[in-house]
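What follows is a single structure, written as structure tokens, with notes after it.
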Amino acid sequence: MRPVESPRDAVARLARSQISAGYEIEALHEYADASGDIGFYRARLRNPVTGDKVIRPVRRDGTRFVLGEPKSPASGKLLYRLREILSAAPDRIVWVVEGEKCADALAGCGAVATTSGSASSARGADWSPLACRRVRVWPDNDEPGAQYAEEVASALRELGCVVEIVDVSGYELPPHGDVVDLFEMVGECARDLGWLESAAIPLLPAPEEPEPDPWAATASDRFSVEELTSEPPATRWTLKPLLPTGLACVLTGAGGAGKTGFLAKLCIHICAGLRFGSDWPEQGSVLYVSAEDRRDVIRKHVWANAQGLEPEQLELVARHFIVKDMVGVGFMLTRHVNGQTEVAQDLDRLVEYAKGIPDLRLVVFDTLSRLNGGEENNEDLARIVSAMERVSRQTGTTTLVAHHTGKQQHRDNVVDQYSGRGGSSLSDNGRSNMHLALVKPGDEGCPSNAADLVAEKRLLRLSLVKVNGVPPGQPDFYLERVITPHAARLQLFEPEFPKTDMQSAWEVLREWFATQSEVQFPTSTTVDDLPEKYGPRNRRRAALRWAQDRGLLLEQPHPHPRGRKKTFLALPGPAASAERYREAAGGH
């Protein structure tokens, strides 16, 4: 059996004519995939007399090598030094340069660096491993280099990257000069990573995108006849009944109530497509903008709430949970300018970044006090909602801001849409308002089966104080705090309560409704005519209202409306369908 040929021997054989003409093998660059399997090599040969260079790609074919790269997958060609990119912390800058020699030079300084190859290679590369990262492109000092930088920047901005292009005109580089030439000109100081990634590097200004004109005439300015005659579409939910899709939402809670842990849990459910309560989320990506806690703190909460997930679920969380650590960087949703509070220009960068995140479902802002450049009065808080709505409108995603409870509201144990600190415009304009609180002994709504958890301060209650499109009186969610070495893991808790008078009255009527759902079309009048064993008439009527307010009993269109019989009452579920009633009644 013929021995396996080494890559260097293969280059010597395949580039025999160049080597005989005086060229020498200067470097052999590996292009490996995410698992470390080498797809091909790119050999660089240089003539030490003339300085000319030749690039030759080689790939393995059985026990020998042949010239050329392997056929590229549909996603595009491999990037150079791919595994270093994938293993780098997400907040590291990734440098993109033209050619492997430059990438190696930057990597030698401690930078995360890559290239797609030559100046003409940008369009054919798979840039997806750089999605949502901060990237600096260092072009060669020539027209092809500038073109390469623009093509790379365009591809990366579509992936949600924040892209900066080095202004090489700020250096006295020779024609075609690159970062290696700069290192040779400036010396060792240029090889310092701190200098490379500092403000000392001149950058080209980012391109400006024109603002869409909200007053431009469009077809959607009017309702079509079809819209006026057909049933409106059902409300879309990122997670029902908490987060309506594409709208601004608010979560309030006192300091230490567990808002960050709850937000981490909520994001995990969306990223991995996990059921929350009785509903499944619209699975996808989450952008968590943290202005209060550093990334390592958020990681502890995510780690705690990811315990017990299956490997494929962990993969989904790793892929879709995106954290931007904005502590101390000055990012704001609003700023106070010339005596008034305005939506901040910072928002444009955020929107550009968010647009590049595939399947983005939710943007979380934690917390309002760190992102508000104004006061917590009605006018300035309304600007916060406007900023969130701009993000939702331009990205099509839900936005959610965490806000602290007012001191007096917390002391008085107030749980309503005005529990948040400051003016009421935040809750008035938010389309969903949730309140998270620690359950205390003696609280109204304290479960009878949670005495130990309440005593140990390990039970939280999430109340839906206002959600547009959802009937009032929705039941609260209860969450048990399970202590871990780093942060509390929250898990849904099934509460038990002593039965109220209305609950007891409704349970009697519910049994009767369950027996009627296959044939009759019961109404409130039918219930009025029930015998006394179902309780007094007034008590029955009150129980009906109580059940309807909580969605336990639904009013449905009658399949054969006539006179006053235009609706009937039914339990939720498949039996509530008028078509099912009609079928059960033999089509009559």
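The values are calculated or read from the model by the stated rules, or taken from the named source; none is laboratory data. Because the structure is a prediction, the values reported are computed rather than measured. Neighbour counts run over all protein chains shown; Cβ positions are idealised from the backbone, glycine included. We work out accessible area using only protein heavy atoms, side chains counted, and drop any ligands, DNA or RNA first. Shrake-Rupley method; radii C 1.70, N 1.55, O 1.52, S 1.80 Å.
From LEU371, LEU464, LEU460, LEU453, which residue is aliphatic (A, V, I, L, M) and either touching a Phe, Trp or Tyr at 6+ places or on another chain (Cβ under 6 Å) or on the phi > 0 side of the Ramachandran plot (or both)?
Details: LEU464 fails: either touching a Phe, Trp or Tyr at 6+ places or on another chain (Cβ under 6 Å) or on the phi > 0 side of the Ramachandran plot (or both); LEU460 fails: either touching a Phe, Trp or Tyr at 6+ places or on another chain (Cβ under 6 Å) or on the phi > 0 side of the Ramachandran plot (or both); LEU453 fails: either touching a Phe, Trp or Tyr at 6+ places or on another chain (Cβ under 6 Å) or on the phi > 0 side of the Ramachandran plot (or both).
When all the criteria are applied, what remains is LEU371.
Provide a single number: the residues in segment 3-26 that are over 28 Å from GLY76 (Cα atoms), open to solvent by 50 Å² or more (accessible area, probe 1.4 Å) and not aliphatic (A, V, I, L, M).
So the answer is 7.
Could you list, ordered by first residue, the pairs with Cβ atoms under 7 Å in which the first is in segment 433-445 and touching a residue at least 24 places away in the same chain (Cβ under 8 Å) and buried (at least 22 other Cβ atoms within 10 Å of the Cβ) and the second is of a type in the set (S, T, N, Q) and part of a strand (DSSP E or B), at least 6 apart or interchain?
Close Cβ pairs satisfying both conditions: MET434/SER463; HIS435/THR252; HIS435/SER463.
If we scan segment 395-408, do we find a residue that is touching a Cys at 6+ places or on another chain (Cβ under 9 Å), within 20 Å of CYS267 (Cβ to Cβ), in contact (Cβ under 8 Å) with a residue 60 or more places away in the chain and part of a loop (DSSP other than H, G, I, E, B)? Can you show your working first?
Of segment 395-408, the ones touching a Cys at 6+ places or on another chain (Cβ under 9 Å) are 398-401.
Subsequent filtering for residues that are within 20 Å of CYS267 (Cβ to Cβ) retains 398-401.
Next cut, in contact (Cβ under 8 Å) with a residue 60 or more places away in the chain only: 398-401.
Going one step further and asking which of them are part of a loop (DSSP other than H, G, I, E, B), we end up with none.
Checked segment 395-408: no residue is touching a Cys at 6+ places or on another chain (Cβ under 9 Å), within 20 Å of CYS267 (Cβ to Cβ), in contact (Cβ under 8 Å) with a residue 60 or more places away in the chain and part of a loop (DSSP other than H, G, I, E, B).
If you take the residues in segment 479-498 that are surrounded by 11 or more Cβ atoms within 10 Å (Cβ to Cβ) and among the charged types (D, E, K, R), which one is nearest to PRO447 (Cα to Cα)? Show your work before the answer.
Within segment 479-498, the first condition is being surrounded by 11 or more Cβ atoms within 10 Å (Cβ to Cβ), and the residues that meet it are 479-484, 486-493, 495, 497.
Subset that is among the charged types (D, E, K, R): 480-481, 489.
Working: GLU480: 12, ARG481: 15, ARG489: 20 Å.
Taking the candidates together, the pick is GLU480.
Please state which one of LEU243, LEU247 is at pLDDT 90 or above and either farther than 20 Å from LEU333 by Cβ or open to solvent by less than 50 Å² (accessible area, probe 1.4 Å) (or both). So that I can check it myself, show each step before the final result.
Numbers: LEU247 fails: either farther than 20 Å from LEU333 by Cβ or open to solvent by less than 50 Å² (accessible area, probe 1.4 Å) (or both).
Criteria check complete, one pass: LEU243.
Can you tell me how many residues within segment 415-426 are touching a Ser or Thr at 6+ places or on another chain (Cβ under 8 Å), surrounded by fewer than 23 Cβ atoms within 10 Å (Cβ to Cβ) and either at positive phi or among the polar types (S, T, N, Q) (or both)? Lay out the reasoning, then the answer.
So the first thing to find is which residues in segment 415-426 are touching a Ser or Thr at 6+ places or on another chain (Cβ under 8 Å), and the list is 415, 417-421.
This time we only want the ones that are surrounded by fewer than 23 Cβ atoms within 10 Å (Cβ to Cβ), so: 415, 417-418, 421.
Cutting the leftovers down to either at positive phi or among the polar types (S, T, N, Q) (or both) gives us 417.
So the answer is 1.
Quick grid of which residues meet (1) farther than 15 Å from ALA125 by Cα; (2) open to solvent by 30 Å² or more (accessible area, probe 1.4 Å); (3) at pLDDT 90 or above; (4) assigned to a strand (DSSP E or B):
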{"residue": "MET1", "(1), (2), (3), (4)": "yes, yes, no, no"}
{"residue": "LEU28", "(1), (2), (3), (4)": "yes, yes, yes, yes"}
{"residue": "SER35", "(1), (2), (3), (4)": "yes, yes, no, no"}
{"residue": "TYR41", "(1), (2), (3), (4)": "yes, no, yes, yes"}
{"residue": "VAL66", "(1), (2), (3), (4)": "yes, yes, yes, yes"}
{"residue": "SER72", "(1), (2), (3), (4)": "no, yes, no, no"}
{"residue": "SER75", "(1), (2), (3), (4)": "no, yes, no, no"}
{"residue": "ASP91", "(1), (2), (3), (4)": "yes, yes, no, no"}
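What about ALA451, is it within 21 Å of VAL482 (Cβ to Cβ) and either open to solvent by 20 Å² or more (accessible area, probe 1.4 Å) or among the β-branched types (Val, Ile, Thr) (or both)?
Details: within 21 Å of VAL482 (Cβ to Cβ): yes; either open to solvent by 20 Å² or more (accessible area, probe 1.4 Å) or among the β-branched types (Val, Ile, Thr) (or both): yes.
Answer is yes for this residue.
What's the number of the condition GLU507 fails, among (1) open to solvent by 60 Å² or more (accessible area, probe 1.4 Å); (2) over 24 Å from GLN556 (Cβ atoms); (3) modelled with pLDDT of 85 or more?
The failed condition is (2).
One residue is enough: does segment 294-307 have a residue meeting the conditions in contact (Cβ under 8 Å) with a residue 12 or more places away in the chain, closer than 29 Å to ALA155 by Cβ, of a type in the set (Gly, Ala, Ser) and open to solvent by less than 50 Å² (accessible area, probe 1.4 Å)?
no
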